[in-house]
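The values are calculated or read from the model by the stated rules, or taken from the named source; none is laboratory data. Model, not experiment: these values are computed from the prediction. Backbone-built Cβ (ideal geometry, glycine too); neighbour counts: all protein chains shown.
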Amino acid sequence: MLKVCKFGGTSMADAAAIRKIKDIIGADAARKYIVVSAPGKRNKDDIKITDTLYACYRDLEEKGNCKARFALIRERFLGIVKDLGLSLNFDEILDRTEAEITEKKSADFTASRGEYLAARLVAEYLGFEFVDAEDMIRFDSHGRLNDEYTDDKVKTRLKKVEKAVIPGFYGRDYEGKVKTFSRGGSDITGSVIARGVSADLYENWTDVSGFLVCDPRIVPEAKTIRQITYKELRELSYMGASVLHAEAIFPVMKGKIPINIKNTFKPEDAGTMIVPNEQYKAVGDDVITGIAGKKNFTVIFIEKSMMNSEVGFVRRVLSVIEHHGLCIEHVPSGIDTLSIVLESEQLQNGVLTDIVNEIRENVSPDYVHVIENISLIATVGHGMARRRGTAATLFTALAKAGINITMIDQGSSELNIIIGVANADYEKCIRAIYDAFIGAQK
Ligand code: ASP
């Protein structure tokens, strides 16, 4: 059994949290490769090391040095080293890091040092080897992860090392310069390492006991999702559920390696297992897995009789959006109707009016109507495909709650029903769906 463990910013925030990491690693000999984030917030008003590093870079650009700001980084790390009673000469490592940051003047390099320093510290504390991510993770000339190269490097580099600590969040670009993933990217590092070493499990240790069925600010008693497939998770994270970086599932998906989201502060909790379809074992009678949503969409509703017999109609409508360089969220359609759902933020400063006018010119519709302030809510669960009456339960619940549905989109996978409702009904809608499917089980 081989496990790769990634510990997030809260698990790295102070000495007390890092001691918990040691207990967790010590409790299971299979936990051999450890990926760490930079220390995160200790309380809600605190500042993440990564944010302080980005501020260091801005100081460098504006004032030519980042001495005062780097002193905060120094103080934070030295505090942890002292509290853990490490004999490592961290001052020297920090001096070198500060000099490199000043010399390289690169935002990515500067930001990456939080993970670098964190991994050096944890490697010393656990007595594991430090293996630098920049020697294994490579991006291509488009800034995308170079899968093949990285996979190969991870495999060969870690073959020689029994237990290692690896910094998250960064690798090297095609020219050999340090480059970071997007924010929260240590989750991707963990996934890449898990695939490279063909781990049996990727444990992602964070400060919550897994994914909740829906936002606890709306449903305080929301249950934890025990098991979810990669695909279901894709749908939920696309719609805003954020515990894991949305791109972190791709590397492990290829290797069919399950991910277990675990809580560093409650290691006894089972957490959420993210598994490939074929490893999913139905527990109980769950029909839906999760509910997620986002506010602020705009729907452009187009009606034209016989549009289905007009060759190129949809393409001409969509080309208007493409010319404006915008992304489309959904395109639900009927016999004589077509709706385009877009994020409202993209339609500011007259863009919406231009688009509507161009659609009128391009396809001469009978009617165009714009509905603004729409929320999209996705009800996800592969249990829905097996079950008759799921849609009826959903729509009856919303009707009872007095919620008007402006749009319905059910993907062909039957994994997901997406509805559009007024922003003002967003919370009420999630509550109603939760009560209809999950609350009813009580
Ligand atoms: N430390 C980085 C961030 O704050 C990366 C990570 O934590 O995954 O985004």
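Listing for the model above:
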read-out	value
Residue in the stretch 212-235 that is within 16 Å of the ligand (Cβ to nearest atom), outside any strand (DSSP E or B) and touching a helix residue (DSSP H, G or I) at 6+ places or on another chain (Cβ under 8 Å) present	no
Checklist (1) over 28 Å from ARG387 (Cβ atoms); (2) modelled with pLDDT of 95 or more; (3) among the hydrophobic types (A, V, I, L, M, F, W, C) applied to ILE259, failing item	(1)
Restricting the stretch 31-47 to residues that are crowded, with 24+ Cβ neighbours inside 10 Å and of a type in the set (A, V, I, L, M), the residue that is farthest from the ligand (Cβ to nearest atom)	ILE34
Some residue of the stretch 59-77 being closer than 20 Å to LEU126 by Cα and assigned to a helix (DSSP H, G or I)	yes
Subset tally (residues that are more than 13 Å from the ligand (Cβ to nearest atom) and either on the phi > 0 side of the Ramachandran plot or in contact with a Gly (Cβ under 6 Å, 6 or more places away or on another chain) (or both)) for the stretch 187-201	2
Within the stretch 270-294, considering residues that are surrounded by 23 or more Cβ atoms within 10 Å (Cβ to Cβ) and among the polar types (S, T, N, Q), the one modelled with the highest pLDDT	THR272
Top-ranked residue in the stretch 81-102 [being modelled with pLDDT under 95 and surrounded by fewer than 12 Cβ atoms within 10 Å (Cβ to Cβ); ranked as farthest from LYS22 (Cα to Cα)]	ASN89
Residue in the stretch 167-179 that is over 22 Å from GLU247 (Cα atoms), out of contact with any Cys (no Cβ under 8 Å at 6 or more places or on another chain), within 16 Å of the ligand (Cβ to nearest atom) and of a type in the set (A, V, I, L, M) present	no
Considering residues of the stretch 19-43 that are under 15 Å from GLY168 (Cβ atoms) and not in a strand (DSSP E or B) only, the residue farthest from the chain's Cα centre (by Cα)	ILE21
Within the stretch 244-333, strands (runs of 3 or more DSSP E) holding 2 or more residues that are touching a residue at least 40 places away in the same chain (Cβ under 8 Å) and of a type in the set (D, E, K, R)	290-303
Hits in the stretch 334-354 - residues which are in contact (Cβ under 8 Å) with a residue 24 or more places away in the chain and either out of contact with any strand residue (DSSP E or B) (no Cβ under 7 Å at 6 or more places or on another chain) or not hydrophobic (A, V, I, L, M, F, W, C) (or both)	ILE335, ASP336, THR337, SER339, GLU343, SER344, GLU345, VAL351, ASP354
In the stretch 196-211, residue nearest to ILE438 (Cα to Cα) [restricted to those that are polar (S, T, N, Q) and assigned to a loop (DSSP other than H, G, I, E, B)]	SER209
Top-ranked residue of the stretch 179-210 - restricted to ones that are touching a Phe, Trp or Tyr at 6+ places or on another chain (Cβ under 7 Å) and farther than 23 Å from SER106 by Cβ, ranked as surrounded by the fewest Cβ atoms within 10 Å (Cβ to Cβ)	ASP207
Count - residues of the stretch 117-140 that are in a helix (DSSP H, G or I), within 16 Å of the ligand (Cβ to nearest atom) and surrounded by fewer than 24 Cβ atoms within 10 Å (Cβ to Cβ)	2
Candidates GLY143, GLY184 - the one that is touching a residue at least 12 places away in the same chain (Cβ under 8 Å), within 16 Å of the ligand (Cβ to nearest atom) and not hydrophobic (A, V, I, L, M, F, W, C)	GLY184
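Yes/no matrix, rows are residues, columns are (1) touching a Phe, Trp or Tyr at 6+ places or on another chain (Cβ under 9 Å); (2) away from the ligand (no atom under 16 Å from the Cβ); (3) β-branched (Val, Ile, Thr):
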{"residue": "THR10", "(1), (2), (3)": "yes, no, yes"}
{"residue": "ASP14", "(1), (2), (3)": "no, no, no"}
{"residue": "ALA29", "(1), (2), (3)": "no, yes, no"}
{"residue": "ILE49", "(1), (2), (3)": "yes, no, yes"}
{"residue": "TYR54", "(1), (2), (3)": "no, no, no"}
{"residue": "ALA71", "(1), (2), (3)": "no, yes, no"}
{"residue": "LEU78", "(1), (2), (3)": "yes, yes, no"}
